[in-house]
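*Asks:* Let me give you the structure first, and then I'll get to my questions.
The values are calculated or read from the model by the stated rules, or taken from the named source; none is laboratory data. Keep in mind the model is a prediction, meaning the values are calculated, not measured. A quick note on method: Cβ atoms are made from the backbone with ideal geometry, for glycine too, and the neighbour counts reach across all protein chains shown.
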Amino acid sequence: MAVNRDYVGRTFPASEPYEVSRVKIADFAAAIGDSNPVYTDRAAAQAAGHADVIAPPTFAIVVSIVGSGAAIADPGLGLNYAMVVHGEQRFEYSRPITAGDVLTAQATITDIKDAGRNVMLTTSTQIRTVDGEHVCTALSTLVERGGAG
């Protein structure tokens, strides 16, 4: 089954709220090998001008994957996930993710195009506080190998 191009522009419901904790941030920083004290030490984070510890920039993937996952798992999209590789990821921040944030992620499929024998699917996931404050936009491109033509 081919990827359904009618999904371009489709926005999916926002994810359930995700509560960011100091422990989750510290665990993520340890997993990626980043020992910056603003990720683990509240006093260091406050000295740097933050209210509490902040998350490494790539922590947004933890939140965004739930929103974008709903999009790519939609059976009507027709994406063969067994053939998918991650093509590109970037984050555009309004402010850092901070311990205590309660966030949701809402994905939109922004583009589907062929690239040789592959299909490239791009999503834009808006990460906001439950109060509606924009924190980050996660932009992701997935490549379905062999899905074109």
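*Asks:* Under 7 Å by Cβ, and 6 or more places apart or on different chains, what pairs join a residue from the stretch 33-55 that is surrounded by fewer than 18 Cβ atoms within 10 Å (Cβ to Cβ) with one that is of a type in the set (Asp, Glu)?
*Replies:* Arg42/Asp52
*Asks:* Pairs needed: first member in the stretch 88-108, loosely packed, with under 14 Cβ neighbours inside 10 Å; second member anywhere, outside any strand (DSSP E or B) and modelled with pLDDT of 95 or more; C-beta distance under 6 Å; at least 6 residues apart or different chains.
*Replies:* Gly100/Asp52; Val102/Pro17; Val102/Val130
*Asks:* Turning to a different aspect of this structure: Would you be able to say whether some residue in the stretch 9-17 is over 19 Å from the mean Cα position of the chain (by Cα) and farther than 10 Å from Thr98 by Cα?
*Replies:* No: the stretch 9-17 contains no residue that is over 19 Å from the mean Cα position of the chain (by Cα) and farther than 10 Å from Thr98 by Cα.
*Asks:* Would you mind stating whether Ala73 is under 20 Å from the mean Cα position of the chain (by Cα), under 16 Å from Thr108 (Cα atoms) and either free of Cβ contacts under 8 Å to residues at least 40 places away in the same chain or surrounded by 13 or more Cβ atoms within 10 Å (Cβ to Cβ) (or both)?
*Replies:* Judged against the criteria, Ala73 is a match.
*Asks:* May I pose another question? Just the residues that are closer than 13 Å to Leu142 by Cα and charged (D, E, K, R), please, taken from the stretch 73-95.
*Replies:* Those that are closer than 13 Å to Leu142 by Cα and charged (D, E, K, R): Glu88, Arg90.
*Asks:* Just give me the residues in the stretch 62-107 being among the aliphatic types (A, V, I, L, M), farther than 27 Å from Ala43 by Cβ and touching a strand residue (DSSP E or B) at 6+ places or on another chain (Cβ under 9 Å), in sequence order.
*Replies:* Residues satisfying the conditions are Ile65, Val66, Ala70, Ala71, Ile72, Leu77, Leu79, Met83, Val84, Val85, Ala105, Ala107.
*Asks:* Got at least one residue in the stretch 122-133 being closer than 16 Å to Val85 by Cβ and surrounded by fewer than 21 Cβ atoms within 10 Å (Cβ to Cβ)?
*Replies:* yes
*Asks:* Assess whether Ala70 counts as being touching a Cys at 6+ places or on another chain (Cβ under 6 Å) and closer than 22 Å to Leu139 by Cα. Full working, then the answer.
*Replies:* Values: touching a Cys at 6+ places or on another chain (Cβ under 6 Å): no; closer than 22 Å to Leu139 by Cα: yes.
Answer is no for this residue.
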